[in-house]
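Undergrad: Structure in structure tokens, see below.
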Amino acid sequence: MASSDPSEESVSAAELSTLVQETEFFRSLVENGSDAILSVDENSTILYANRSVERVFGYDPEEMIGERLTMIMPERFHGRHFDAVDRYLETGDRQLDWSSIQLPAEHADGHEIPLSITFEEHSYDGERVFSGIIRDVSERVARQEELERQNERLEEFAGIVSHDLREPLQTAQATLAVARAGDEEALDELEAVFDRMETLIDDVLALAKQGRAVGETESVALGEAAEAAWSTTCREGATLSVESAPTVSADPERLRALLENLFRNAVEHGGPEVTVRLGTLEGRPGFFVADDGDGLGATDPERLFDYGYTTDEGGTGFGLSIVADIARAHGWAVAAGDSDQGGARFEVTTA
Amino acid sequence: MSGDGTDDRPVVLAVDDEPRVAQAFALWLGDDYEVFTATGGEEALELMDDGIDLVLLDRHMPGLSGDEVLQRIREAGYGCKVAMVTAVDPDFDIVELPFDDYVSKPVDGSSLADTVERLLAVRRYDDRMAELYTTTRTIAALESEKSPASLEDSEEYAALLDRRATLQGELDELMASMDADEVRELFELLDT
């Protein structure tokens, strides 16, 4: 890059060229860096924004220059921001640690984004300038939340499993003691107790599987998925009526598990002659599964989807929590209520 | 129900919605205690009376839950001890529950018998301690008001002194009857 001319003048030109190129190098580094960089003056007016601000905040850099920094702050922080700046300018006290602080910002479209910000004061042209290097940590935050949710789930899960295994274990022990004391017929009951434990283990495994994120989604004809799910859950006397069925974008295997659990719930609680209806939601994408049984009655709709919540002695209370897990994994919402026919109605909103 | 006077063994009520569990508790405790069983909360409350010394109470039951039964037993003012015997993992909410002991299922015959024995020892101790306190206060009140001569003549006063001596003896005996491990355990528990 330096010229090969050995004269003094040329050396100095080469130095100049290096300087210019280095400046260009840093300009380009700042401009194209993956982190957003913003500089503001003492009045929080934006002096500089690099190109990455568009990716992070949704604004063109040109749109931001000359605006107040509050344009990317959620309103609840505005007052505190100006107080902190005033205090810093007056006293030099930093309200916050300036390195890697976590703060939410407001995107151009209005949603909040979690940021990690490191900022520094420097002077330029005799003015005090504050520059921040800003990283969007949405993914990290989402991952962390997911981990916390999973931990909570695991803890809850361990509690339920230990309860649900200890209970039949106690019954088995008691039954054995009664049999040993002479009532040999009690032994016959042990089989049912062991069945209960086995069902629980199967359900626990199913639940552990359903907690995973969804695999590849594809367009699934809900009507066909429903018929398939019904074939494994129906009981004599029970009827499935598919009124209308949309096509949904889903992991087919998981969708079938969701439907199976909703159907099983309807068949178990809806009485021997239950009719289960499946149809499209009105006004929003999604579908419902309704039955003509007794409805939710005294069932607590808040707890309905909790692990291990059941009103049925023989149930493990995992079925509807599996439904909720699969729905959540697809980004769907599921709600329970009473149907027009007086039975229970579950609505799955798919967007 | 329990006050028929034909049996002076302590009375235990075992409550569990699994009939075999309640039955096994009765079997395990039947040699040393008079045991009644109930397979639901409502039935348990119907069987409650002042003759019951100890209730073994399941928490998860259809209908009236064990927690509710416990509250009602306390509200009704029965003096019995209550041990929750349950597969429900204890959570912080149990501090609100006025039970005397919390036992996790599954429980076998010998550990159940230990629990019952310990709680009944505490109950006897409590009862005698309360009576000793009252007796001692009554004696003190009389002694401050009456002349030594009139005290000497009083049959009531003599009976009080006898009762106090008996209670003190029984309390000493109760302490001695708990085996060393139990006493240590109890005091370690109380110490923390």
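Coordinate-derived values only; no laboratory data. This one's a predicted model, so the numbers in the text were calculated from it and none came from an experiment. Neighbour counts run over all protein chains shown; Cβ positions are idealised from the backbone, glycine included.
Undergrad: Once both labels are modelled 7 Å past Cα along the beta-carbon direction, what's the A:Ser241-A:Thr18 spacing in nm?
TA: 8.7 nm
Undergrad: Would you tell me the mean number of C-beta atoms belonging to other protein chains that fall within 10 Å of each C-beta in B:14-23, as a whole number? Display every interim value, and only then the final one.
TA: Values: counts 0, 0, 4, 2, 9, 5, 15, 9, 1, 7.
Partner-chain Cβ atoms within 10 Å, mean over residues of B:14-23: 5.
Undergrad: Now for a different question. Looking only at B:Glu46, B:Glu152, B:Glu170, which one moves most when chain B is put into a Gaussian network model with springs between Cα atoms under 10 Å?
TA: Highest fluctuation of the listed residues: B:Glu152.
Undergrad: Considering amide H positions built from the backbone, and no H for Pro or chain starts, which residues 5 or more places from A:Glu67, or on another chain, come under 5 Å of its amide H?
TA: For A:Glu67, the qualifying residues are A:Ile46.
Undergrad: OK, next. Which order results if B:Glu68, B:Glu96, B:Glu43 are arranged by neighbouring Cβ count within 10 Å, fewest first? Intermediate results must be reported in sequence, preceding the final value.
TA: On the way: B:Glu68 14, B:Glu96 8, B:Glu43 17.
Listed from fewest to most nearby Cβ atoms, that is B:Glu96, B:Glu68, B:Glu43.
Undergrad: Give the angle, between 0 and 90 degrees and rounded to the nearest 10, that separates the Cα long axis of helix B:66-75 from the longest principal axis of the Cα atoms of chain B.
TA: 20 degrees
Undergrad: To the nearest 0.05, how large is the calculated FRET efficiency for A:Thr70 and A:Arg143 if R₀ is 25 Å and r is the Cβ-Cβ distance? Don't skip to the end; give the middle numbers.
TA: Numbers: r = 29 Å, r/R0 = 1.17.
The formula returns an efficiency of 0.30 here.
Undergrad: So, one more: If you rank B:Ser65, A:Ser321, B:Ser144 by fewest surrounding Cβ atoms within 10 Å, what's the result? If you can, show how the numbers build up before the last one.
TA: Numbers: B:Ser65 17, A:Ser321 25, B:Ser144 7.
In order of increasing Cβ crowding within 10 Å: B:Ser144, B:Ser65, A:Ser321.
Undergrad: Which of the three applies to the stretch A:223-351, rounded, prolate or oblate, going by the alpha-carbon gyration tensor with a ≥ b ≥ c and a/c under 1.5 meaning rounded?
TA: Values: a/c = 1.35, a/b = 1.16, b/c = 1.17.
Verdict is rounded for the stretch A:223-351.
Undergrad: As I understand it, the dipole of chain A uses +1 on the Cβ of Lys and Arg and -1 on the Cβ of Asp and Glu, about the Cα centre. Which of A:Ala290, A:Ala186, A:Ile113 lies farthest toward its positive end?
TA: Of the candidates, A:Ala186 comes out farthest on the positive side.
Undergrad: Specify which residue in the list A:Thr70, A:Val137, A:Ile101 is farthest towards the positive end of the charge dipole of chain A, using unit charges on the beta carbon of Lys, Arg (+1) and Asp, Glu (-1), about the Cα centre.
TA: Toward the positive end, the furthest listed residue is A:Val137.
Undergrad: Could you run the Karplus curve 6.51 cos²θ - 1.76 cosθ + 1.60 with θ = phi - 60° over the stretch A:234-245 and give me ³J(HN,Hα) per residue in whole Hz, x for Gly and Pro?
TA: 5, 10, 4, x, 8, 10, 10, 10, 8, 7, 6, 9
Undergrad: Only Lys, Arg, Asp and Glu count, each charged at its Cβ (+1, +1, -1, -1), so figure out the dipole size of chain B about its Cα centre, rounded to 20 debye. Before the final figure, lay out the partial values.
TA: Numbers: 16 positive and 47 negative charges, 41 e Å.
Charge dipole, chain B, about its Cα centre: 200 debye, nearest 20.
Undergrad: Treating only the Cβ atoms of Lys and Arg (+1) and Asp and Glu (-1) as charged, compute the dipole magnitude of the protein assembly as shown about its Cα centre; round to the nearest 20 debye.
TA: Values: 44 positive and 119 negative charges, 207 e Å.
Using only the charged Cβ atoms, the result is roughly 1000 debye.
Undergrad: Which whole number gives the average count of other chain Cβ atoms within 10 Å of the Cβ atoms across peptide B:103-113?
TA: Values: counts 0, 4, 9, 10, 4, 4, 3, 0, 0, 0, 0.
Averaged over the peptide's residues, the number is 3.
Undergrad: List the GluC sites (Glu not before Pro) in the stretch A:56-88 that DSSP assigns to loop (not H, G, I, E or B) and whose Cβ has at most 15 other Cβ atoms within 10 Å. Which are they? Present the calculation step by step, with values, prior to reporting the outcome.
TA: Numbers: sites: A:Glu62, A:Glu63, A:Glu67, A:Glu75; in loops: A:Glu67.
Listed in order of number, the matching sites are A:Glu67.
Undergrad: Which ordering of A:Cys234, B:Cys80 is given by a fewest-first count of other beta-carbon atoms within 10 Å? Intermediate values should be presented prior to the final figure.
TA: Working: A:Cys234 16, B:Cys80 22.
Lowest to highest Cβ neighbour count: A:Cys234, B:Cys80.
Undergrad: Further question on the same structure: Mind telling me which of B:Gly66, B:Gly40, B:Gly169 comes out most flexible in a GNM of chain B, alpha-carbon contacts under 10 Å?
TA: For chain B, modelled as a Gaussian network with Cα springs under 10 Å, the answer is B:Gly169.
Undergrad: Still on this structure, please answer the following. If you plug each phi of the stretch A:92-106 into the Karplus form 6.51 cos²θ - 1.76 cosθ + 1.60 with θ = phi - 60°, what whole-Hz ³J(HN,Hα) values come out, in order, with x for Gly and Pro?
TA: x, 6, 8, 5, 10, 5, 8, 10, 6, 7, 9, 9, x, 10, 10
Undergrad: I need the fraction of alpha carbon pairs in the stretch B:80-131 separated by more than 15 Å, rounded to a whole percent. Mind showing how you got there, number by number?
TA: Details: 699 of 1326 pairs.
The calculated P(r) of the stretch B:80-131 puts 53 percent of pairs beyond 15 Å.
Undergrad: Let me ask something additional. Quick one, could you list the DSSP H helices from chain A stretching 18 Å or more along their long axis (Cα atoms) with average Kyte-Doolittle hydropathy of 0.0 or above?
TA: Values: long enough: A:8-32 (36 Å, -0.16); A:78-91 (20 Å, -1.12); A:138-180 (62 Å, -0.80); A:187-210 (35 Å, 0.20); A:252-269 (26 Å, -0.56).
Sorted by number, the helices that extend far enough and score high enough are A:187-210.
Undergrad: Once the convex hull of the alpha carbons of the stretch B:1-105 is built, what does its volume come to per residue, in cubic angstrom? The partial results should precede the final answer.
TA: Details: hull volume 9.7 nm³, N = 105.
With only Cα atoms used, the stretch B:1-105 gives 93 Å³ per residue.
Undergrad: How much of the DSSP bridge set in the protein assembly as shown is antiparallel, in percent, rounded to the nearest 5? Working shown, then result.
TA: Details: 45 of 66 bridges.
Expressed as a percentage, antiparallel bridges in the protein assembly as shown total about 70.
Undergrad: Of the beta bridges DSSP finds with both residues in chain B, what % are antiparallel, to the nearest 5? Before the final figure, lay out each step's value.
TA: Working: 0 of 17 bridges.
Taking every DSSP beta bridge with both residues in chain B, the antiparallel ones total about 0 percent.
Undergrad: Here's something else I'd like to know. Taking H as built 1.01 Å from N, whose amide H comes closer than 5 Å to the amide H of A:Met73, not counting residues under 5 places away?
TA: Sorted by chain and number, the residues that satisfy this are A:Glu106.
Undergrad: As an exercise, use a Förster radius of 51 Å and the Cβ-Cβ distance of A:Glu120 and B:Val95 to find the FRET efficiency, rounded to the nearest 0.05. Intermediate results must be reported in sequence, preceding the final value.
TA: Numbers: r = 50 Å, r/R0 = 0.98.
Here the calculated transfer efficiency is 0.55.
Undergrad: If you don't mind, another one. Report, as an integer, the average count of C-beta atoms from other chains found within 10 Å of each Cβ along A:184-193.
TA: Working: counts 0, 0, 3, 0, 0, 3, 1, 0, 0, 2.
So the per-residue partner count for this stretch is 1.
Undergrad: Testing the spin-label approximation: label points 7 Å from Cα along Cα→Cβ at A:Ile101 and B:Ala159. State their distance in nm.
TA: Calculated label separation equals 8.0 nm.
Undergrad: With θ set to phi - 60°, apply the Karplus curve 6.51 cos²θ - 1.76 cosθ + 1.60 along the stretch B:34-42 and write out the HN-Hα couplings as whole Hz, x wherever there is a Gly or Pro.
TA: 8, 10, 10, 10, 9, 10, x, x, 4
Undergrad: Shifting gears a bit: Starting from the exponent 0.38 and prefactor 2.2 Å, build the expected Rg for the protein assembly as shown from its residue count and divide its actual Cα Rg by it.
TA: That works out to 1.54 for the protein assembly as shown.
Undergrad: Amide H to amide H under 5 Å from B:Val103: which residues, 5+ apart in sequence or cross-chain, H placed 1.01 Å off N in plane?
TA: Placed amide hydrogens put B:Met84, B:Val85, B:Thr86 under 5 Å from B:Val103.
Undergrad: I'd like the per residue volume of the convex hull spanned by the Cα atoms of chain B, given in cubic angstrom. Mind showing how you got there, number by number?
TA: Numbers: hull volume 30.3 nm³, N = 192.
Value for chain B: 158 Å³ per residue.
Undergrad: Given DSSP loops and a limit of at most 16 other Cβ atoms within 10 Å, what is the longest stretch of chain A that contains no such trypsin sites (Lys or Arg not before Pro)?
TA: Values: sites that count: A:Arg51, A:Arg94, A:Arg212, A:Arg235, A:Arg303.
Segment A:95-211 is the longest.
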